Amino acid sequence: MKLYVGNLSFDITERTLRELFEPFGTVSEVKLITDRETGQSRGFGFVRMANVSEANAAIKGLDGKDRGGRKLKVSLSSRFVRSSTFYPVRVSQFSLLSEPLAVEWTTEASLQWRLSVAVG
């Protein structure tokens, strides 16, 4: 189960993020989103837990908790679809009528791209 973790301090590391979630179960993957030029955390990341019950325990135990003077935001990453390189892909709008389809994704270089396609 993939979780979104937001409002992280900018000095957090992937190791620290993993250690934060390990008391709730098996952490299979951690991805901290960092600035391409500085390598500093951008304040959010993703954690993949082994199963739903562990993910729910982590959400219940960490969402809204103070960590380094900041209240963590931990939620299921339901708007994100796993890509082959673990980078998030989000479909922000979709309609079969005349609404635009907007897709955002983050590449390995942490660059964000946007593609908009008019449907209709």
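FYI, it's all coordinate maths here, none of it is from the lab. As the structure is a prediction and not an experimental result, all values here were calculated from the model. Glycine also receives a Cβ, built like all others from the backbone with ideal geometry; neighbour counts cover every protein chain displayed.
Could you tell me the calculated FRET efficiency between residue 73 and residue 10, based on Cβ-Cβ distance and R0 = 22 angstrom, to the nearest 0.05? The formula returns an efficiency of 0.90 here.
For the stretch 1-78, take the alpha-carbon Rg, divide it by the Kirkwood Rh, and send me Rg/Rh. The partial results should precede the final answer.
Numbers: Rg = 11.6 Å, Rh = 12.2 Å.
When Rh is taken as the Kirkwood radius, the ratio is 0.95.
Label-to-label distance, residue 50 versus residue 36, with points set 7 angstrom from Cα along the beta-carbon direction: 3.7 nm. Within a Cβ distance under 13 Å of residue 65, other residues only, what is the Lys/Arg minus Asp/Glu net charge? Once all neighbours under 13 Å are counted, the net charge is +3.
Taking the Cα centre of the stretch 1-78 as origin, work out the dipole magnitude from +1 charges on Lys and Arg Cβ and -1 charges on Asp and Glu Cβ, in debye rounded to 20.
Values: 13 positive and 10 negative charges, 40 e Å.
In total the dipole reaches around 200 debye.
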